[in-house]
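Data first, discussion second: the structure below is written as C-alpha cells.
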Amino acid sequence: MASEIQEYQGASPDAVRQHYDVGTEFYRLWLDAGMTYSCALWAEGDDLDRAQRRKLDYLIAQARITGAERVLDIGCGWGSLARAIADRHPQAHITGLTLSRDQYDYARTHPADRIDIRLEHWNAHGPDRPYDAIFCVGALEHFVRFGLSRKERTDAYRAFLIHCHSILHPGGALVIQTIGKGNRPLGPDSLTDVQFLANEIFPESEPPRLAELAHAAEKLFEFRSLVNDRLDYARTCAEWLRRLRAQRVEAERIAGATVTQAYERYLEASIRQFEAEHLVLYRISLRKVAT
Ligand SMILES: C[S@@+](CC[C@H](N)C(=O)[O-])C[C@H]1O[C@@H](n2cnc3c(N)ncnc32)[C@H](O)[C@@H]1O
C-alpha cells in the first residue's frame with residue numbers, strides 16, 4: 001500500500017484559508033448558534049439550529065460510538081461536531097483538525113474537556129494510537145484540486161482513504177458528508193454558476209463523483225450506508241441566505257460589500273445547483289476492512 005502514497009493533490013492551505021478566514025464574526029451572522037458550516041438534516045417544523053443538531057446526531061449515530069472512543073474530526077470547522085460528541089459521550093476523546101486560523105482560535109476559546117483542536121493538515125496528522133472513528137464533514141470537497149483528470153482525482157481520494165485506514169482500528173468507522181457532482185449535464189447558466197463557485201468562492205477545490213469515491217475505497221472500506229440529501233442542502237443554503245440578507249448592513253461592515261455580495265451570489269447559485277441535480281449531498285458511512 002505504501003507505493004500508492006503520493007503528493008497531496010488538494011487545495012493549498014492558502015486557498016482553504018481564503019474562504020474560511022473571512023472572519024468568524026461574519027459567519028456568526030448567518031450560521032446557526034453552534035456555527036456548523038455544512039448541510040443540515042431537516043424535518044417538519046425545524047429551524048436551522050434544530051436541523052443542524054439533527055444532522056450532528058445522525059452522523060454520530062452512523063459512527064456507532066458507544067463509550068470511551070478516540071475520535072478524529074477532519075475539517076472540524078468551528079468545532080460543533082466535536083462538542084456534540086463530547087456532550088453525548090462523556091468518556092470520548094476528540095481531536096479536530098482545521099486549516100483555518102479563525103476556526104482554530106474560536107474552537108480553542110470554546111473549550112470542552114477531552115477536545116483537542118489542531119491547526120493541522122490531515123496528511124500531516126500522525127496519532128500515536130489508532131482512532132475508533134473518523135468524521136469528515138464538508139471538507140472532502142477541498143481534497144482534490146480543480147481541473148485534475150478522473151484518474152488523478154481517484155488517486156487523490158485513495159491517498160486520503162489510505163491515510164484514514166492507516167490511523168483507524170480494524171472495524172472502525174469513517175463517516176463522510178460531502179457535496180458531490182450530480183449526473184445531469186450542465187447547461188450554460190449552470191456552467192456560469194459552477195465556474196463562479198470554483199473561481200471565486202472555493203478556489204482550487206472540486207467535489208467528487210460517487211464512482212471516484214467507490215473506486216478509491218476498494219479493499220480499504222466497506223460501504224454501510226449512503227444517502228443523497230441534496231434538497232436538504234438547497235434548504236440549508238436558502239436559510240443561510242435569508243439570514244445573511246437580514247444582516248446585510250452588519251455583514252458589509254465586517255467583511256465589506258464585495259465579499260457580502262459574493263456570498264449572497266454563492267448561496268443563490270448553490271440553491272439553484274442543488275435543486276437542478278447538478279450538485280448532490282452525500283452522507284456516507286464506511287467501515288474499515290482488515291487488510
Ligand atoms: C465547510 S468547513 C466544514 C466544517 C465542519 N465540519 C462543519 O460541518 O461545520 C470545511 C473544513 O475543512 C477544513 N479543511 C479543508 N482542507 C483541509 C485539510 N487539508 N486538512 C484539514 N482540514 C481541512 C477547513 O479548515 C474547514 O474547517
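Do you know which of the residues in segment 106-118 that are under 18 Å from TYR20 (Cβ atoms) and open to solvent by 70 Å² or more (accessible area, probe 1.4 Å) is farthest from the ligand (Cβ to nearest atom)? Once the filter is applied, the top-ranked residue is THR109.
Can we say ILE162 is of a type in the set (Val, Ile, Thr), at pLDDT 95 or above and surrounded by fewer than 20 Cβ atoms within 10 Å (Cβ to Cβ)? Here the answer is yes, as ILE162 does meet what is asked.
With respect to the conditions (1) farther than 27 Å from HIS169 by Cβ; (2) within 13 Å of the ligand (Cβ to nearest atom); (3) assigned to a helix (DSSP H, G or I), ARG54 falls short on a single one, namely (2). Checked across segment 38-54, the condition of being touching a Leu at 6+ places or on another chain (Cβ under 8 Å), open to solvent by 10 Å² or more (accessible area, probe 1.4 Å) and touching a residue at least 40 places away in the same chain (Cβ under 8 Å) holds for no residue.
Name the one entry in THR98, THR154 that is under 20 Å from PRO207 (Cα atoms), polar (S, T, N, Q) and within 16 Å of the ligand (Cβ to nearest atom). Even if it seems obvious, please write down each step before you answer.
Values: THR154 fails: within 16 Å of the ligand (Cβ to nearest atom).
Answer to the selection: THR98.
Consider segment 136-151 and keep the residues that are open to solvent by less than 20 Å² (accessible area, probe 1.4 Å) and in a helix (DSSP H, G or I). The one that is farthest from the ligand (Cβ to nearest atom) is LEU140.
Residues in segment 50-69 that are modelled with pLDDT of 95 or more and basic (Lys, Arg) were compared, and the one that is nearest to ILE167 (Cα to Cα) is LYS55.
The values are calculated or read from the model by the stated rules, or taken from the named source; none is laboratory data. Predicted, not measured: the structure shown is a model, and the values here were computed from it. Ideal geometry is used to build each Cβ from the backbone, glycine not excepted, and the neighbour counts take in all protein chains shown. We work out accessible area using only protein heavy atoms, side chains counted, and drop any ligands, DNA or RNA first. Shrake-Rupley method; radii C 1.70, N 1.55, O 1.52, S 1.80 Å.
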